[in-house]
1. Equivalent ellipsoid semi-axes for segment 101-204, as square roots of 5 times the alpha carbon gyration tensor eigenvalues: give them largest first, rounded to whole Å.
2. For a paramagnetic label modelled at 7 Å from the Cα of T182 toward its Cβ, which residues of segment 107-148 fall within the zone defined by backbone nitrogen distances under 19 Å?
3. Taking neighbour Cβ counts within 10 Å as the exposure measure, how do I204, I88, I33 sort from fewest upward?
4. Using only DSSP helix segments of four residues or longer, with each worth -39500 (n - 2.57), what per-residue ellipticity at 222 nm results for the chain after dividing by its residue count and rounding to 500?
5. Divide, for segment 20-202, the radius of gyration over alpha carbons by 2.2 N^0.38 Å, where N is the residue count.
6. Mind putting a number on the dipole of segment 1-160 about its Cα centre? Charges go on the C-beta only, +1 for Lys and Arg and -1 for Asp and Glu, and I need it in Debye to the nearest 20.
7. Estimate the FRET efficiency between V8 and T165 by the formula 1/(1 + (r/R0)^6), using the beta-carbon distance for r and 25 Å for R0, to the nearest 0.05.
8. Using alpha carbons only, how many angstrom separate the centre of segment 87-107 from the centre of segment 119-198?
Amino acid sequence: MSKNKKLVPKRRFKEFQNSDAWEQRELGEVGQINTGNTPPTSNSQNYEDDGLLWVTPTDIDGNIIRTTAKKLSKLGIKKARVVPKGSILATCIASIGKNALILEDSAFNQQINSLSPNENNDSYFLLTQSELWSKKMQSIAASGTMQIINKTEFSKLSFYFPVLTEQKHIGEFFSSLDQTITFQQQKLEKLQNIKKAYLNEMFI
């Protein structure tokens, strides 16, 4: 552990109020960091409609990656960097700080770094915490001449972490909130479409 500073958060679930303090760690200590790549697009055989998800920044438009514009064939997979489900993807070039969780093994391009958590860390906790990653990455990038956070800089970003049981509890809590938000957004979109339909039919 590169840091030994400890902290107790302002708000904590009751069952963890007397638990150990959170400990500061670098992202490189909580999982495996990888930078993506792009199998040559000049060879169409690297891609197919029903292949492995291949994520680019434009595919990240929410917390969860469910599909991608391009997918890799078996040939393309051999030339890609594939990470396991449960990994967090973070854009680190240009549009810095767009983060998402993958629910299946996936590959991604060189504008994205991934964190594949080890057995002592929870994926959804890390996804929720990644909003803090974004702020720090954007601050670092703004101070440089290029809008980029390289793999080494990403690995050295440090944050506070509780033990796995508390991480899981926090992850489940925010997962439930995110699901509720998504459901309400879908209801809103449906109502907006109904309103548009009535406007078109009831006004000349």
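1. Over the Cα atoms of segment 101-204, the ellipsoid semi-axes are 36, 22, 13 Å.
2. 107, 122-131
3. Details: I204 2, I88 23, I33 19.
Least to most surrounded, the residues fall as I204, I33, I88.
4. Roughly -11500 deg cm²/dmol at 222 nm, from the helical runs in the chain.
5. This ratio for segment 20-202 stands at 1.16.
6. Rounded to the nearest 20 debye, it is 440 debye.
7. Efficiency for this residue pair is about 0.95.
8. Centre-to-centre distance over Cα atoms comes out at 10 Å.
FYI, it's all coordinate maths here, none of it is from the lab. What you are looking at is a predicted structure, and each value in this text was computed from that prediction instead of being measured. FYI the Cβ positions are ideal-geometry reconstructions off the backbone, even for glycines, and counts take in every protein chain you see.
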